[in-house]
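K.L.:
Here it is, the structure, as structure tokens.
The values are calculated or read from the model by the stated rules, or taken from the named source; none is laboratory data. Because the structure is predicted, anything quoted here is derived from the model rather than measured. Don't worry about glycine lacking a Cβ; one is built from the backbone with ideal geometry, like all the others, and counts go over all protein chains shown. Just so you know, the surface numbers come from the protein's heavy atoms only, side chains and all, with ligands and any DNA or RNA stripped out. Shrake-Rupley method; radii C 1.70, N 1.55, O 1.52, S 1.80 Å.
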Amino acid sequence: MPVELRRANRSDAEFLLELITAEDTREFLGGPTAETLEGVLADIERSEHEPKSFGWLVAERDGERIGCAAYSVVNERSLIVEGRRLAVHPRFRGERLGDDVARAFQQLVLGDFGFHRLELQIYGFNDRAIAHAERVGYVREGLKRKAYLKDGEWQDAVLYSMLRDELPN
């Protein structure tokens, strides 16, 4: 069954909170991420009211929620968006659904929404996410050395991107 993405709504709040605060997920998420139900609801509301600049999406397979992904516009004039919060619920890990979510996300953001460039920043210690990014077609562009303070330690960020004309057919 193919993975489908849809904009998150209030009924997804508890699922999303459970997903992004799970111990084996949270340590790998960077940037501002809601940590309370109120924060999740605020991000969902922002996604609903500012869809051209921010989106939090729920991934579903066969009508069942399996994960999420989010985007945020970083340069409106140049049509550049940053991908973040791509996560698969622990119940569904090991099935390579993350690859399917990523490909659906790429198609939606670059193909359907018409952005020119989709960028990712991945913590340098996150070997699984680095392998995943390369497996689904992102191009490694470089490294931001000791760019982000996480849990009291400076962490590198590995930079990836995909351009609209690099979307697989």
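K.L.:
Please work out which residue is modelled with the highest pLDDT, limiting yourself to segment 82-118 and to residues that are in contact with a strand residue (DSSP E or B) (Cβ under 7 Å, 6 or more places away or on another chain) and open to solvent by 50 Å² or more (accessible area, probe 1.4 Å).
P.N.:
His116
K.L.:
Sort out which residues of segment 34-92 are closer than 23 Å to Arg117 by Cα, touching a helix residue (DSSP H, G or I) at 6+ places or on another chain (Cβ under 7 Å) and charged (D, E, K, R), and write them in order of number.
P.N.:
Scanning segment 34-92 gives a single hit, Arg85.
K.L.:
Could you count how many residues in segment 124-155 are within 14 Å of the chain's Cα centre (by Cα) and over 29 Å from Asn169 (Cα atoms)?
P.N.:
Of the residues in that region, 0 qualify.
K.L.:
Right, here's the next one. Quick check: anything in segment 67-75 at pLDDT 95 or above, open to solvent by 60 Å² or more (accessible area, probe 1.4 Å) and of a type in the set (A, V, I, L, M, F, W, C)?
P.N.:
The answer is yes; a qualifying residue exists.
K.L.:
Does segment 23-34 contain any residue that is under 23 Å from Arg135 (Cα atoms) and either aliphatic (A, V, I, L, M) or in contact with a Gly (Cβ under 8 Å, 6 or more places away or on another chain) (or both)?
P.N.:
yes
K.L.:
Report whether or not Tyr123 is among the hydroxyl-bearing types (Ser, Thr, Tyr) and touching a residue at least 60 places away in the same chain (Cβ under 8 Å).
P.N.:
Here the answer is yes, as Tyr123 does meet what is asked.
K.L.:
Within segment 149-169, how many residues turn out to be open to solvent by 80 Å² or more (accessible area, probe 1.4 Å) and in contact with a strand residue (DSSP E or B) (Cβ under 7 Å, 6 or more places away or on another chain)?
P.N.:
1
K.L.:
Could you say whether any residue in segment 38-56 is crowded, with 22+ Cβ neighbours inside 10 Å and either more than 15 Å from Ala13 (Cα to Cα) or more than 16 Å from the chain's Cα centre (by Cα) (or both)?
P.N.:
no
K.L.:
Still on this model: Identify all residues within segment 100-134 that are among the charged types (D, E, K, R) and closer than 24 Å to Pro51 by Cα; write none if there are none.
P.N.:
Asp100, Arg103, Asp112, Arg117, Glu119 - these are the residues of segment 100-134 that are among the charged types (D, E, K, R) and closer than 24 Å to Pro51 by Cα.
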